[in-house]
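All remarks here apply to the structure that follows.
The values are calculated or read from the model by the stated rules, or taken from the named source; none is laboratory data. The model shown is predicted, which means the values in this text are computed figures rather than measured ones. Cβ atoms come from the backbone with ideal geometry, glycine included; neighbour counts cover every protein chain shown. Heads up: the accessible areas ignore ligands, DNA and RNA and are worked out on the full protein's heavy atoms, side chains in. Shrake-Rupley method; radii C 1.70, N 1.55, O 1.52, S 1.80 Å.
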Amino acid sequence: MVNEARHRKHDASGSAAPPAAGAAAAAKRGSRSGGARKGGRGRGKIATDSGVWFTLFIACVAVLSLGIATWIGLQFYHGTSPFPSVVTPHPAAQVKNLSQFEERRDAMLWGSYRPHTYLGFRARVPQSVVAGLSWAGLRGPLRHICDHGDGLRYTWTKHDGQTFGMQQIEDGQVVLKTSFVKNVFAGDLGDYGGDWATRITVSWKDGTPASTRTNHIPIFFYFYNEGPERFEFEEDGRVLTGTNANLGNFRARFFTNVTEDDTYTYTGLPVDGIEKLTQNLTTVLLSPEFKWNRVFDNAQAYLVQVRAQPPFELTVVYESLSPGDGAYDLTHRHGTLHGSGYDTLLAEREVAFDAKFDRLFALKQKGFSEEQISFAKAALSNMLGSVGYWYGASIVRDVEEDKRRAEEAAAKQRQSGKPARPLQPALYKYFDAPLYSGVPSRSFFPRGFMWDEGFHQLLINRWDPGITRDVLAHWLDLMNVYGWIPREQILGREARSKVPDEFVVQPSDNANPPTWFLVMEDILDRIDEAHDDTDASVARDLEFIRGAYPRFAAWFKWFDTQRGALPGTYRWRGRQRKPGMMNPLTLTSGLDDYPRASHPDENERHLDLRCWMAEAAAVLARIAQRIGEPAHDFEALAQQLRDNAQLNSLHWSNRTKAYHDYGRHRIEAHNTEHDPPYWRGAIWINLNFLTTRALRFYGQTAGPHRERAQELYTKLRGNLINNIFQQYQRTGFIWEQYDDRTGSGKGTHPFTGWSALVVLLMGELY
């Protein structure tokens with residue numbers, strides 16, 4: 001059972017829901033309870049004043065009793081308070097409320113922020129209008145959600161993270177090319193992110209037999225409202241109009257080049273929830289009995305179908321209305337987003353993307369071929385095109401409360417001598433909040449992961465620092481009063497539908513490597529290299545580090561909960577030795593089955609966490625110095641954790657001549673009887689990136705191993721780039737990991753999270 005934890009509706013800023021929303025909720029509650037009961041077994045009409053007062057007295061007593069009973073029940077279930085601290089937002093000012101993010105609000109409002117779909121759009125607001133593409137190929141089920149089982153090749157070839165994107169999807173012999181562009185208007189022309197348009201072009205793959213080319217391919221484009229409002233089709237389904245509380249009025253127009261022999265139809269369907277959209281569409285749209293060109297009662301999904309022989313195309317234009325218009329008068333728009341207007345704007349954005357990419361990464365000057373450069377552009381574009389937006393709340397387990405309950409139950413058992421009843425975990429609904437974040441994989445991990453995001457932003461920060469600051473701001477604002485942030489973000493029904501139940505709950509003592517400090521180090525370097533605090537980009541960086549500092553400091557302090565038994569030691573929490581598990585996992589470390597102690601206990605010392613804390617302390621010291629905050633404590637800890645004498649005494653093994661974790665070890669070949677190694681053996685690009693970066697540093701630093709480090713750097717960098725590129729040529733994907741013997745891609749694909757760091761390796765940007 002999940003407890004709501006709070007009885008008022010709050011967002012992450014703690015602001016209460018508007019009165020209108022409360023009234024609506026009350027009305028709903030009234031209707032669900034059936035209102036006043038009729039024909040009850042009363043004693044007849046009450047006519048006297050005393051009877052009226054007596055009735056009111058009884059009603060008050062009943063309400064008071066119910067309130068007391070509810071309060072007692074909550075006290076019992078939650079331990080000490082119905083509003084536990086574990087779900088209380090941190091009191092520091094929210095970072096995403098900085099002025100720089102308000103300035104970019106309209107520019108960033110709309111985007112391809114639904115990375116789990118082959119093509120999907122939404123706005124960065126709760127209860128948005130969402131849109132997306134679905135189609136039926138020559139084989140297999142309806143295509144909509146990215147899925148390994150579909151067997152498709154799909155990749156963003158160019159995407160700038162803001163204003164446009166170009167993607168190619170290969171579904172057997174069918175090729176879909178999708179693109180989108182945005183037009184953002186400032187000032188009096190609109191407050192809802194301007195207009196956007198997307199074009200889907202369907203064609204046959206080269207070499208497709210003539211007999212196959214006679215087939216008709218159906219594509220569907222839908223709009224779905226997460227809010228309560230209903231939309232309307234006009235002009236025989238060529239126009240959709242509507243309104244949304246968070247986005248204002250809008251209209252969507254549909255343009256096709258199909259002939260009379262082809263089909264253009266529309267419909268509006270009731271849906272059980274956006275997470276069931278694919279299932280509902282499959283059931284209805286592929287049924288031969290379904291009748292088009294009608295809108296059903298209580299419709300939430302509004303879609304058009306184009307069913308034609310390729311080649312053909314569909315262009316969808318979304319136009320937001322200025323609040324002052326009061327009507328669908330769009331004559332003030334700067335051109336249109338279909339036909340030649342679309343072509344011109346898309347071409348301009350593509351040229352700008354290419355020029356910026358060449359300026360930032362200079363791959364041609366480094367000797368890379370045009371094919372390799374196109375590969376690098378696709379790697380960057382897939383990372384940018386995988387950035388998404390979610391709104392909702394995590395489900396968390398209060399580990400400290402579980403410990404208190406267990407201690408209380410044990411004490412009662414000792415007193416009574418009776419066996420204790422099994423305890424239920426203290427599960428709570430976290431506070432509602434938005435998240436703007438990258439994802440590791442569109443098909444398999446389409447949600448936010450804490451330590452992955454630090455690696456993602458090492459690349460994105462080179463391309464668009466504003467996106468990086470925005471992403472980190474959203475993550476930091478998920479912090480609770482203790483400084484803890486759930487390491488895996490599963491927000492909203494659609495995201496939760498993709499996650500196995502065992503991974504949904506986030507324990508409150510679980511950490512994740514604080515990789516964001518690597519990004520903060522890059523930001524500090526950029527400030528220092530500029531030598532001009534008045535520069536506009538530097539000013540935004542400075543505003544960000546000032547605004548983010550209180551939360552970074554609180555996050556760092558929370559990591560005190562991960563300290564080990566001895567000074568200078570750290571230990572990842574959350575390790576358990578389960579039946580049948582020969583190598584207990586350490587999911588919190590990010591390295592999952594890295595071979596640590598086979599018998600977890602409180603005396604373990606985890607070397608990687610000590611290293612992360614050394615980096616974090618040093619970066620926080622730099623931030624504090626830069627903004628005039630006390631830095632001594634951070635400096636002292638950083639110096640202690642970089643003390644090689646202490647490091648050697650805690651982690652050096654004279655027998656193996658290497659550094660190790662400390663604990664009771666028994667290394668097993670498999671994690672369980674049937675579960676092979678995951679992190680052990682395979683080539684992971686994030687760790688190899690850090691290794692390559694370190695070799696580059698030592699290869700450029702005077703010392704006895706300089707030449708050897710430079711030699712290893714050159715070999716490792718070259719091998720990584722060549723192998724990732726070759727596997728991309730062979731399979732069409734960048735992979736989660738690579739086989740250490742054959743180099744073949746393994747694990748999830750496409751995986752354009754940290755594996756896209758190959759772009760930085762190519763550009764030698766560390």
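Listed by chain and number, the lysines whose C-alpha is less than 28 Å from the C-alpha of residue 746, apart from same-chain residues fewer than 8 away, are 158, 177, 205, 377, 498, 578, 715. Membrane-span-like helices in the chain, defined purely by DSSP H runs whose alpha carbon atoms cover 18 Å or more axially and whose average Kyte-Doolittle hydropathy reaches 0.5, are 49-78, 607-627.
How big is the antiparallel share of DSSP beta bridges in the stretch 379-763, given as a percent to the nearest 5?
Here the antiparallel bridges make up roughly 85 percent for the stretch 379-763.
Among 727-735, 486-494, what's the highest-first ranking by average C-beta atoms within 10 angstrom per residue? Before the final figure, lay out each step's value.
Values: 727-735: 18.4, 486-494: 21.1.
The peptides rank, most packed first, as 486-494, 727-735.
Dipole of the chain computed with +1 at Lys/Arg Cβ and -1 at Asp/Glu Cβ about the Cα centre; of 710, 346, 389, farthest Cα towards the positive end is 389. Placing unit charges on the Cβ atoms only, positive for Lys and Arg and negative for Asp and Glu, gives the chain a dipole magnitude near 2520 debye about its Cα centre. If contacts are Cα pairs under 8 angstrom and at least 6 residues apart, what is the relative contact order of the chain in percent? Relative contact order here is 12 percent.
In the chain, what % of DSSP beta bridges are antiparallel (nearest 5)?
Values: 99 of 105 bridges.
That works out to approximately 95 percent antiparallel.
In nm, give the distance between the simple-model label positions of residue 260 and residue 245, each being 7 Å from the Cα along the Cα-to-Cβ direction. That separation, rounded to one decimal, is 4.8 nm.
Counting only residues at least eight positions apart within a chain, or on another chain, the lysines with an alpha carbon under 25 Å from that of residue 412 are 403.
Treating r as the C-beta distance of residue 148 and residue 560 and R0 as 41 Å, the FRET efficiency rounds to 0.50.
Could you compute the FRET efficiency for residue 697 and residue 592, with r as their C-beta to C-beta distance and R0 at 30 Å, rounded to 0.05? Each step should come with its number before you reach the end.
Details: r = 28 Å, r/R0 = 0.92.
Plugging the Cβ-Cβ distance into 1/(1 + (r/R0)^6) gives 0.60.
Peptides 403-409, 276-282 ranked from most to least packed, by the mean per-residue count of other Cβ atoms within 10 Å: 276-282, 403-409. Remark: spin-label model distance residue 351-residue 726 equals 3.9 nm, labels positioned 7 Å along the Cα→Cβ axis.
In this label model, residue 294 and residue 362 are separated by 6.6 nm, measuring between points 7 Å along each Cα→Cβ vector. A full extension of the chain between residue 642 and residue 657 corresponds to an added length of 3.5 nm, given 0.36 nm per residue minus the alpha carbon distance. Packing order of peptides 460-473, 434-447, highest average first: 434-447, 460-473 (average count of other Cβ atoms within 10 Å over each peptide's residues).
Taken per residue, the accessible surface of the stretch 379-763 reaches 42 Å², heavy atoms only and a 1.4 Å probe. Ranking 227, 692, 108 by Cα position along the charge dipole of the chain, where only Lys, Arg, Asp and Glu carry charges on their C-beta atoms, puts 227 farthest toward the positive end. Look at the dipole of the chain built from charges on Cβ: of 133, 208, 572, the Cα furthest out on the positive end belongs to 572.
Average accessible surface for the stretch 80-239: 36 Å² per residue, computed with a 1.4 Å probe over protein heavy atoms with every protein chain in place. The magnitude of the dipole of the stretch 202-257, with charges of +1 and -1 set on the Cβ of Lys/Arg and Asp/Glu and taken from the Cα centre, is near 240 debye.
Counting only protein heavy atoms, what percent of the accessible surface of the chain is carbon or sulfur at a 1.4 Å probe?
On the way: 18770 of 35610 Å².
The value for the chain is 53 percent carbon and sulfur by accessible area.
For a paramagnetic label modelled on residue 496 (point 7 Å from Cα along Cα→Cβ), amide N atoms under 15 Å away belong, within the stretch 275-304, to 275-276. In this Cβ point-charge picture (+1 for Lys and Arg, -1 for Asp and Glu), the stretch 379-763 has a dipole of about 1220 debye about its Cα centre.
Counting only aspartates and glutamates at least 8 places from residue 276 when in the same chain, those with an alpha carbon closer than 20 Å to its own are 147, 150, 226, 229, 297, 494, 501.
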